[in-house]
Amino acid sequence: MAHTPETQVPERDAPDKDVIVVGAGPVGLLLAGELRTGGARVTVLERLARPTTESRASILHTRTMEILEERGVLARLGPLRAVGPGHFGGLPLDLATASPGHRFAGQWECLQSHLEPVLQEWAAGLGAAVRRGRTVTGLTAHADRVEVVSAGPDGTSRRHTARYVVGCDGERSTVRALAGFEVAGRAATRAMLRADVAGIDIPGRRLRRYPDGVATAFRRPDGTTRLMIHRYGAGPAAGEPDFAEVVAAWAAVTGEDIGGGTAVWINRFDNTSRQATRYRRGRVFLAGDAAHVQMPVGGQALNLGLQDAADLGPRLAAAVTGAGGDALLDGYHEARHPVGARALTGIEAQERLLFGGPETEGLREVFGELLGIDAAAAHLARGISGLDGRTTAPAAATPHRDRSTSTPTHRSSRMARLVHRTALVTGSSRGIGRAVAVRLAREGALVAVHYATNEDAARETVALIEKDGGRAFPVRAELGVPGDVHELFLGLDQGLKERTGDTALDIVVNNAAVTGNDGIAPQDVTPEALDRNWSVNAKAPFFIVQRALERMPDGGRIINITSGLTRCSTPHQIAYAMTKGAIEQITLHLARHVAPRNITVNSVAPGITDNGSAVFDIPEAVEQMSRLSAFKRVGEAGDVADVVTFLATDEARWITGSYVDASGGTLLGAGG
Ligand code: NAP
């Protein structure tokens, strides 16, 4: 069949695609690829005939690097240069302090003119239709669809329909205007000039302050010199700037003559600070500069926009494939509007420090002192790097004690260590798993409480966590049967998407296990019984880890619960102990495999631990079991859970591939 050119496709009322993205800049293209990955049909409409050759933005921050890596885009970009250290309002700020030890700590150079074609190729390769040379001129939202009208280079109009439309069309967004989004903020009060100039050779400088203004100059890879110049008090001006204006401003501030050069690109920017009051209006969304207009400083606009796209993509894909509903879509505004608002506030503060005249010297001095304090520097660096909330945040004061957690914890006494992390704890309906789930949630993690059959117990774990101010949801899947891991991840992904908008999983605790062959002599172990032990205790954890690693961000944690029985001879538990030996091998070999991603893998070995089963209510049995531990008591679930939780935190970043004994000294042997 002959290919049908787009201009001949008949107009249709039924949506012929799921999402129209307006704007094929980096934000629109990342969103398009993200939507395709999630199964949505997507068309991108772009005014420009080909990707930009300008590079307004050139810096990628830590969170953006993670996003690009997770989607395989980073590898396509080739090696990027670490550039640093970064600044806050022109005062040195090492952005690496946001995430010490992270492989993307700091900031990375990537010209927009390089990023855009790579993203386009990636998105198109996934099946996104990128239509260039089409300018959006009309938009009408209906209850079940949105109609968009676009004009081609020859002026002919076309009508497109989709279930959703996203405006990624920049600070002067047509979609924003046509869909009636409200915008709040303030108009520009200062303006700066930027230019790429060929044929000049002047000393490089970075945001250097002169008596009458601020100037930056640096040589770009293509041999031109990028200039930025601001004369204190210079306000916004009408019309496009020309080279004469740049030459005059440069001379007035620096005393240097660059009149012999040739401008390749000139641009005026200002300190406009505005944000759409909602990022969603029914079926229309905004992302990137269309949602928030800010002064370009330190590459934050591009990074914020890409992070918007990474948040919105999975939500919209879930909506069109039926996996998510309206609340998930509303969650986009709820998640990203506060981040945008905070970034605008930070940028306004930076602007004052950067471009304020001599009257800001005192303020700069005080800020300089504050940036010398590690915690203050790390706080600001996290905001810029897109890692806000990734680490510490205060939790509510709730003293708590129950059987599964044993030690009272006053949450106000320290900071929660796993805020914004997600965790899966297999077999957390009861016993040690429950205590682990409770503790991880108390540290701020969102926890998937997995169980096999005991739904009431799983719901009880969730209720315990929620009562304690934490977040959790139950996931059912019987392990050791065909399709077990697939079923587990179906429920897990749905639960995560509904609550976070994506399926990133930071922590996996392989805890579920069956004993089964307890007390059976080696000669009596049957193949069937061994298979059962094997499939639940070793095979399922292996494939859980395999699936989890696909969605685990850098710095993730895998913790396998083994047993002290792998270190002492207990013939009557040979089948069970064999499977625990196997899970320790998962730890050993994977630890090395995933170390380049800063993911740690460790085994934790409980000894006899009160898991709530009936035997622990028999005093004689407890007394006998107590003799095994050096502390002369049986372990409590919380004793083990504390160790697991520690391994999940950043504080345990240097421990991997290890066997951590959590048996209360059981393996030290009997004796005085
Ligand atoms: P537990 O109280 O027996 O609880 C087992 C958990 O695993 C439950 O949540 C259960 O879900 C789930 N589970 C069991 N079989 C499953 C299957 N086929 N598919 C999916 N989930 C399944 O366990 P525990 O005593 O706390 O032990 C936790 C871990 O510590 C295990 O790995 C165990 O080997 C290890 N360990 C325990 C001790 C000890 O003395 N307790 C000592 C050394 C090592 P349901 O509630 O739905 O059944």
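Values in this text are rule-based calculations from the coordinates and carry no lab data. Just so we're clear, the structure is a prediction, and the values are computed from it rather than from any experiment. As a convention, Cβ positions derive from the backbone with ideal geometry for all residues, glycine included, and neighbour counts pool all protein chains shown.
For residue 569 and residue 75, what is the calculated FRET efficiency with R₀ set at 45 Å and r taken between the beta-carbons, to the nearest 0.05? Walk me through the intermediate numbers first.
Working: r = 48 Å, r/R0 = 1.07.
E between residue 569 and residue 75, to the nearest 0.05, is 0.40.
Semi-axes of the equivalent ellipsoid for the stretch 42-88, please: Cα gyration tensor eigenvalues, times 5, square-rooted, ordered largest first, whole Å. Walk me through the intermediate numbers first.
Values: eigenvalues 114, 54, 24 Å².
After diagonalising the Cα gyration tensor, the semi-axes are 24, 17, 11 Å.
For labels at residue 348 and residue 222 in the simple 7 Å Cα→Cβ model, what's the distance in nm?
3.6 nm
Expressed as a whole percent, how much of the Cα-Cα distance distribution for the chain exceeds 52 Å?
On the way: 45788 of 225456 pairs.
Roughly 20 percent, once rounded to a whole number.
In vacuum, with every alpha carbon of the stretch 107-150 counted as one equal point scatterer, what does the Debye formula give for log10 I(q)/I(0) at q = 0.20, 0.21, 0.22 Å⁻¹? Two decimals, please.
-0.83, -0.85, -0.87
In whole angstrom, how far apart do the alpha carbon centroids of the stretch 418-449 and the stretch 573-621 sit?
17 Å
Please rank 449, 320, fewest neighbouring Cβ atoms within 10 Å first, as an exposure proxy.
On the way: 449 30, 320 21.
In order of increasing Cβ crowding within 10 Å: 320, 449.
Under a Cβ-Cβ cut-off of 13 Å, what is the net charge of the residues other than residue 364 that fall near it, where Lys and Arg count +1 and Asp and Glu count -1?
Details: positive: 209, 352; negative: 351, 359, 361, 365, 369.
With Lys, Arg at +1 and Asp, Glu at -1, the neighbours total -3.
What is the distance, in nm, between label points placed 7 Å from the Cα along the Cα-to-Cβ direction at residue 617 and at residue 205?
Those two pseudo-labels are separated by 8.1 nm.
Quote to one decimal, in nm, the extra length available between residue 140 and residue 453 on full extension: 0.36 nm per residue of separation minus the C-alpha distance between them.
Working: separation 313, 0.36 × 313 = 112.68 nm, distance 4.96 nm.
Roughly 107.7 nm would be gained on extension.
Which three semi-axes in whole Å describe the equivalent ellipsoid of the stretch 192-236, each the square root of 5 times a Cα gyration tensor eigenvalue, listed largest first? Please report the intermediate quantities before stating the final value.
Details: eigenvalues 85, 26, 10 Å².
Semi-axis lengths for the stretch 192-236 are 21, 11, 7 Å.
Whole angstrom only: what separates the Cα centroid of the stretch 266-342 from the Cα centroid of the stretch 246-260?
Result: 38 Å between the Cα centres.
R0 = 35 Å: FRET efficiency of residue 109 with residue 278, Cβ-based, nearest 0.05? The partial results should precede the final answer.
Values: r = 34 Å, r/R0 = 0.98.
With R0 = 35 Å, the Cβ-Cβ based efficiency is 0.55.
Could you pull the Cα extents of the stretch 463-535 along its three principal axes, largest to smallest, in whole Å?
Taking the Cα atoms of the stretch 463-535, the three principal extents are 51, 28, 18 Å.
Which lysines, on any chain, are close to residue 580 with Cα under 27 Å apart, when same-chain ones fewer than 8 places away are left out?
Qualifying lysines at Cα under 27 Å: 539, 632.
When Rg is the radius of gyration of the Cα atoms in the stretch 233-339 and Rh is its Kirkwood radius, what does Rg/Rh come to?
Details: Rg = 20.1 Å, Rh = 16.9 Å.
Radius of gyration over Kirkwood radius for the stretch 233-339 works out to 1.19.
Arrange the following residues from fewest to most other Cβ atoms within 10 Å of their Cβ: 367, 269, 218.
218, 269, 367
Give, as a single signed number, the net charge of other residues whose beta carbon lies under 9 Å from the beta carbon of residue 474, with Lys and Arg counted +1 and Asp and Glu -1. Let's see the in-between values first.
Details: positive: 459, 476; negative: 455.
That works out to +1.
Please give the FRET efficiency for residue 589 paired with residue 121, using the beta carbon to beta carbon distance and R0 = 35 Å, rounded to the nearest 0.05. Please report the intermediate quantities before stating the final value.
Numbers: r = 35 Å, r/R0 = 1.01.
Once rounded, the FRET efficiency stands at 0.50.
Taking the Cα atoms only, what angle lies between the long axis of helix 637-648 and the longest principal axis of the chain, rounded to 10 degrees?
That works out to roughly 30 degrees.
Could you give the alpha-carbon Rg of the stretch 132-195 over 2.2 N^0.38 Å, rounded to two decimals?
1.41
Given the rule -39500 (n - 2.57) for each run of at least 4 DSSP H residues, summed and divided by the residues of the chain, what is its mean residue ellipticity at 222 nm, to the nearest 500 deg cm²/dmol?
On the way: 18 runs with 233 residues, N = 672.
The per-residue figure over the chain is -11000 deg cm²/dmol.
What net charge is computed for the residues neighbouring residue 210, neighbours being all others with C-beta under 12 Å from the C-beta of residue 210, Lys and Arg scored +1, Asp and Glu -1?
Taking every other residue near residue 210 into account, the sum is +2.
List the chymotrypsin sites (Phe, Trp or Tyr not before Pro) within the stretch 589-672 that DSSP assigns to loop and that have no more than 10 neighbouring Cβ atoms inside 10 Å. Write down the numbers at each step before the final one.
Working: sites: 616, 631, 646, 654, 659; in loops: 631, 654.
For chymotrypsin sites (Phe, Trp or Tyr not before Pro) across the stretch 589-672 that sit outside H, G, I, E and B with at most 10 neighbouring Cβ atoms in 10 Å, the list reads 654.
Taking the number of other C-beta atoms within 10 Å as the exposure measure, put 17, 632 in order starting with the fewest. Intermediate results must be reported in sequence, preceding the final value.
Details: 17 19, 632 11.
Going from sparsest to densest Cβ surroundings: 632, 17.
Looking at the square roots a ≥ b ≥ c of the eigenvalues of the Cα gyration tensor of the stretch 161-316, which shape do they give, rounded for a/c under 1.5, prolate if a/b is larger than b/c, or oblate? Don't skip to the end; give the middle numbers.
Details: a/c = 2.70, a/b = 2.16, b/c = 1.25.
Prolate.
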